[in-house]
1. I'd like the full set of residues that are more than 11 Å from the chain's Cα centre (by Cα), under 30 Å from SER202 (Cβ atoms) and open to solvent by 20 Å² or more (accessible area, probe 1.4 Å), limited to the range 89-138.
2. Restricting attention to the range 108-130, report how many residues are assigned to a loop (DSSP other than H, G, I, E, B) and without any contact (Cβ under 8 Å) to a residue 40 or more places away in the chain.
3. All but one of (1) in contact (Cβ under 8 Å) with a residue 40 or more places away in the chain; (2) open to solvent by less than 30 Å² (accessible area, probe 1.4 Å); (3) more than 26 Å from ILE92 (Cα to Cα); (4) not small (Gly, Ala, Ser) hold for PHE164; which doesn't?
4. Here is a list of conditions, (1) of a type in the set (A, V, I, L, M); (2) open to solvent by less than 50 Å² (accessible area, probe 1.4 Å); (3) more than 25 Å from ARG163 (Cβ to Cβ), and ALA188 meets all of them except one; can you say which number that is?
5. Might you let me know whether the range 44-59 holds any residue that is within 24 Å of GLU132 (Cβ to Cβ) and in contact with a Phe, Trp or Tyr (Cβ under 7 Å, 6 or more places away or on another chain)?
6. What number of residues within the range 54-83 satisfy the criterion of being crowded, with 17+ Cβ neighbours inside 10 Å and either without any contact (Cβ under 8 Å) to a residue 24 or more places away in the chain or closer than 16 Å to ILE16 by Cβ (or both)?
7. Of everything in the range 207-249 that's modelled with pLDDT of 90 or more, open to solvent by 40 Å² or more (accessible area, probe 1.4 Å) and among the aliphatic types (A, V, I, L, M), which residue is farthest from the chain's Cα centre (by Cα)?
8. Taking PHE155 as the residue in question, decide whether it is surrounded by 15 or more Cβ atoms within 10 Å (Cβ to Cβ) and either within 19 Å of SER121 (Cα to Cα) or at pLDDT 95 or above (or both).
Amino acid sequence: MSLPIGIEAKGGITVIRFDRPETQNALTVEMLTTISDALVLGERDGRNKAFVILGSPGVFSIGNDLRELIQFADEGRIDESIARFLKTIATIEKPLIAAVDGLAMGIGATILLHCDYVVASEWSAFESNCVELGLIPSGGSTLLAARLMGHQRAFEYLVLGERFDVERAFQAGLVNRIVPAADVEKAALAVARKLASRSMESAGTTRRLMRGDRREVLTRIDQEIAQILNRLRSPVARDTLVAYMRKNQ
């Protein structure tokens, strides 16, 4: 059985690949821990210049594994590895590139708000389903999406849970480039190789100045997680999650 996360470091690029296609790359806490570890290792490795995150052909990720969320609701808790992942991806110093082919939903879509460059296929789609799940968006989404898209578009995306097709995502600033599905991975790796050829000191300083102080983002992540925990402890949380899972099976 293959591992659900593939990690490959080559040519100054760390490639992180979701490889659980039978669940549409639903992300478990084990997978998030593996990704966090790979990001931390890549940050410390002077040979690594950039990260590339890939999904499977036809799907990026549908978000957190719903069975785990239901378990968290039963136990009235949230696994600390989720917070660690969100804070790690929010604070890495090296560029992060994503290649999206198909659906990016929930925490799968949240990841993209922390990316510096997103390549997507022409039939990709993006959705924040957190409110429908009875939860709220995480990873600083309530801060970052409004900054990126403006309040009105972010309201559609986060609160109404509207699914954005790739053209709408491009207009909103979530996607940098649209390519045929067969070229998504190749295009993302080409961007990473271009970055790897640049002065990392200059590129890193420029990126850091653009992104600004991350303390506000980390504070918002903590606030969002506290709200999610409150909702998971509510009497209706499990019923809402189970109903959503049954509807979408």
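1. Of everything in the range 89-138, those that are more than 11 Å from the chain's Cα centre (by Cα), under 30 Å from SER202 (Cβ atoms) and open to solvent by 20 Å² or more (accessible area, probe 1.4 Å) turn out to be THR91, GLU93, LYS94, ASP116, TYR117.
2. Step one: filter the range 108-130 for residues assigned to a loop (DSSP other than H, G, I, E, B), giving 113-116, 122-124, 128-130.
Filter once more, keeping what is without any contact (Cβ under 8 Å) to a residue 40 or more places away in the chain: 114, 128, 130.
Final tally of qualifying residues: 3.
3. In the conditions (1) in contact (Cβ under 8 Å) with a residue 40 or more places away in the chain; (2) open to solvent by less than 30 Å² (accessible area, probe 1.4 Å); (3) more than 26 Å from ILE92 (Cα to Cα); (4) not small (Gly, Ala, Ser), PHE164 misses (1) alone.
4. For ALA188, the failing item is (3).
5. Within the range 44-59, the subset within 24 Å of GLU132 (Cβ to Cβ) is 55-56, 58-59.
Pick out the ones that are also in contact with a Phe, Trp or Tyr (Cβ under 7 Å, 6 or more places away or on another chain) and you get 55-56.
Scanning the range 44-59 turns up at least one residue that is within 24 Å of GLU132 (Cβ to Cβ) and in contact with a Phe, Trp or Tyr (Cβ under 7 Å, 6 or more places away or on another chain).
6. Qualifying residue count for the region: 7.
7. Checking each candidate, the answer is ALA243.
8. Answer is no for this residue.
The values are calculated or read from the model by the stated rules, or taken from the named source; none is laboratory data. Quantities reported herein were computed from a predicted structural model and do not represent experimental measurements. Counting neighbours? That spans all protein chains shown, and the Cβs are built from the backbone with ideal geometry, glycine included. Accessible surface is based on the protein model in full, side chains and every heavy atom, while ligands, DNA and RNA are left aside. Shrake-Rupley method; radii C 1.70, N 1.55, O 1.52, S 1.80 Å.
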